[in-house]
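J.: Right, I'll just put the structure down here and ask away after.
We did not get these values from a lab; they are worked out from the coordinates using the rules stated. What you see is a predicted model; the values in this text were computed from it and never measured. Positions of Cβ are generated from backbone atoms using ideal geometry, with glycine treated the same way; all protein chains shown enter the neighbour counts.
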Amino acid sequence: MIVCAIDGRFPQKRRVEKFIDDVVNHFFPKDLKKNVLIITNMRTNLGDDAGQCCNAGVVQLDSSVMKSAQVISVELSRNMVDYDDQEHYPYSIKEIVATLAHELVHAKQYIRGELTAKQYRWAEEYNVKHSDMPWEIEAYGMEDELVDLYW
């Protein structure tokens, strides 16, 4: 079972929730045998990043729905920071949703075991450029398709 939760002030929050559900169902049309909790948070800014996705691993939950789950955290930035003039510029809803699509591809990769901490260490060890990492190529390649399909 995959449960999606959203936290923070989102523009068009209900539409964003539906987008998340649609993308997750795109990747996982059938129920999983394991429990997964995807938590999506909106932050004022994430520094240089428009979004981040991390795998918190399996966590014991105090819930009647599930006792333990793989927890995936997706963080989205409301603003882009311009370090030259120290200003914050808001992302458009379309930019936020494209970033969300990108990060949900990473969530899929974590859930399916296609992306692991070991792969990150390998990429750092061999100085692989961020945009050349296989998981980033897939995420960048799918974000527009997912937005076109479900937004």
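J.: Which of the peptides 109-115, 58-64, 9-15 is most tightly packed, and how do the rest follow, going by the mean number of other Cβ atoms within 10 Å of each residue?
T.: 109-115, 9-15, 58-64
J.: Please report the antiparallel percentage of the DSSP beta bridges confined to the range 1-119, to the nearest 5.
T.: 50 percent
J.: Tell me, what HN-Hα J-couplings in whole Hz come from the Karplus equation 6.51 cos²θ - 1.76 cosθ + 1.60 at θ = phi - 60° for each residue of the range 7-20, using x for Gly and Pro?
T.: Each residue of the range 7-20 in turn: 9, x, 7, 10, x, 6, 3, 4, 5, 5, 4, 5, 4, 4 Hz.
J.: Step through the residues of the range 139-149 one at a time and calculate ³J(HN,Hα) from phi using the Karplus curve (6.51 cos²θ - 1.76 cosθ + 1.60, θ = phi - 60°), rounding each to whole Hz and writing x for Gly and Pro.
T.: Computed from phi, the couplings for the range 139-149 are 5, 5, x, 9, 4, 5, 4, 5, 5, 4, 6 Hz.
J.: Also: Assuming R0 = 22 Å, can you tell me the calculated FRET efficiency for the pair residue 131 and residue 48, based on Cβ-Cβ distance, to the nearest 0.05?
T.: 0.95
J.: Using the Cα atoms of the chain, I'd like the radius of gyration and the largest Cα-Cα distance, Dmax, both in angstrom.
T.: Looking at the chain, its Cα Rg and Dmax stand at 15.7, 50 Å.
J.: Still on this structure, please answer the following. Using only alpha carbon pairs under 8 Å that are at least six residues apart, calculate the relative contact order of the range 1-135 and give it in whole percent.
T.: Relative contact order here is 22 percent.
J.: Something else about it: Please count, across the chain, the pairs of lysine residues with Cα atoms under 14 Å apart that sit 8 or more places apart or on different chains.
T.: 5
J.: Using a 7 Å offset from Cα along Cα-Cβ at residue 87, what residues in the range 1-34 end up with backbone N under 17 Å from the label point?
T.: none
J.: If you place +1 on the Cβ of every Lys and Arg and -1 on the Cβ of every Asp and Glu, how big does the dipole about the Cα centre of the chain come out, in debye to the nearest 20?
T.: Dipole size: approximately 920 debye.
J.: Can you list residues from other chains, or at least 5 along the same chain, whose modelled amide H is less than 5 Å from the amide H of residue 128?
T.: The answer is none.
J.: Can you work out the FRET efficiency for the pair residue 60 and residue 124, with r the C-beta to C-beta distance and R0 = 41 Å, to the nearest 0.05?
T.: That pair, residue 60 with residue 124, gives E of 0.85.
J.: Sticking with this structure for a sec: Hey, can you grab everything whose amide H is under 5 Å from the amide H of residue 6? Only 5+ residues off in sequence or another chain; H modelled, so Pro and N-termini drop out.
T.: Under 5 Å from the amide H of residue 6 lie the amide H atoms of 40, each far enough along the sequence or on another chain.
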